[in-house]
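Trainee: If you scroll down you'll find the structure; I have some questions about it.
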Amino acid sequence: MFRIPLISKITHGLQNYLNKLDNQNITELPLGIKSGLTKYLTHDEELLFTLRDFRAIYKAPRWIDSNTLFNSWFILTNKRIIIAKNSSSFKRFRDIPHNKISQIDYETGLLESRLIIHSPRTVDIIEFIGEAKKHSEGLDHKIHKTKEEAISDTVFCSRCESKMPKGSQFCSECGEKIGEA
């Protein structure tokens, strides 16, 4: 007699939990991640766009360093792209500064869309499915625009042509003093 109501309560509770997961806002960061991210951002960095993704794939120069993270957050700021774990607090998986991005591709399929970000010796593939796919449309253009604005805040080394923030005194790649020929 007691088993049927207990099973019913467990089933009902599980169904409520699954419905809650389905109805979570995929564009609004959870409170724990948002507060941790706020502390992580620099004073002149603005949060521009957030979207929960299905899978983030990091293809590193060495295969052993490559990794895949499911159900993470795609975070676009005016300085970089951050991939964060979907957890109760902010846990960074990847940081991709705009000035390191060499190419952005956007592919869309029947069930998912993919954002492919190329930076020196690495490739990041972020996949969006379901409702997130709709929100990711035009994301490549948004990143291009943000990247162009970020690049206007950079200078180039006269020796190796590396990009670095305005106000840098030395090149972070070759050590050349900025402003000297």
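Every read-out reported here was derived from the displayed coordinates using simple, explicitly stated rules and does not represent laboratory data. All values derive from a computational prediction rather than experimental measurement. We place every Cβ from the backbone using ideal geometry, glycine too, and count neighbours over all the protein chains shown.
Trainee: Of everything in the stretch 60-79, what is free of Cβ contacts under 8 Å to residues at least 24 places away in the same chain and not aliphatic (A, V, I, L, M)? Give them in sequence order.
Mentor: Those that are free of Cβ contacts under 8 Å to residues at least 24 places away in the same chain and not aliphatic (A, V, I, L, M): Arg62, Trp63, Asp65, Ser66, Thr68, Phe70, Asn71, Ser72.
Trainee: In this structure, is Thr68 of a type outside the set (Phe, Trp, Tyr), in a strand (DSSP E or B) and either surrounded by 17 or more Cβ atoms within 10 Å (Cβ to Cβ) or in contact with a Ser or Thr (Cβ under 8 Å, 6 or more places away or on another chain) (or both)?
Mentor: On the way: of a type outside the set (Phe, Trp, Tyr): yes; in a strand (DSSP E or B): yes; either surrounded by 17 or more Cβ atoms within 10 Å (Cβ to Cβ) or in contact with a Ser or Thr (Cβ under 8 Å, 6 or more places away or on another chain) (or both): no.
When the stated conditions are applied, Thr68 does not pass them.
Trainee: How about the stretch 87-97: which of its residues are in contact with a Lys or Arg (Cβ under 9 Å, 6 or more places away or on another chain), surrounded by fewer than 17 Cβ atoms within 10 Å (Cβ to Cβ) and in a loop (DSSP other than H, G, I, E, B)?
Mentor: Matches in the stretch 87-97: Lys91 only.
Trainee: A further question on this structure: What single numbered condition from (1) part of a loop (DSSP other than H, G, I, E, B); (2) under 14 Å from Arg94 (Cα atoms) fails to hold for Asp53?
Mentor: Every condition holds for Asp53 apart from (1).
Trainee: Then there is this: Would you list the strands (runs of 3 or more DSSP E) that sit entirely within the stretch 98-181 and hold 2 or more residues that are in contact (Cβ under 8 Å) with a residue 24 or more places away in the chain and within 15 Å of the chain's Cα centre (by Cα)?
Mentor: Values: elements: 103-108, 112-119, 122-129, 154-156, 163-165.
The qualifying strands (runs of 3 or more DSSP E) are 103-108, 112-119, 122-129.
Trainee: Name, by its number, the condition in (1) surrounded by fewer than 16 Cβ atoms within 10 Å (Cβ to Cβ); (2) touching a strand residue (DSSP E or B) at 6+ places or on another chain (Cβ under 8 Å); (3) farther than 28 Å from Pro165 by Cα; (4) not charged (D, E, K, R) that does not hold for Ile26.
Mentor: Of (1) surrounded by fewer than 16 Cβ atoms within 10 Å (Cβ to Cβ); (2) touching a strand residue (DSSP E or B) at 6+ places or on another chain (Cβ under 8 Å); (3) farther than 28 Å from Pro165 by Cα; (4) not charged (D, E, K, R), only one is false for Ile26: (1).
Trainee: Just a yes or no: is a residue in the stretch 73-86 more than 13 Å from the chain's Cα centre (by Cα) and either under 27 Å from Lys163 (Cβ atoms) or not basic (Lys, Arg) (or both)?
Mentor: So the first thing to find is which residues in the stretch 73-86 are more than 13 Å from the chain's Cα centre (by Cα), and the list is none.
No, the stretch 73-86 contains no residue that is more than 13 Å from the chain's Cα centre (by Cα) and either under 27 Å from Lys163 (Cβ atoms) or not basic (Lys, Arg) (or both).
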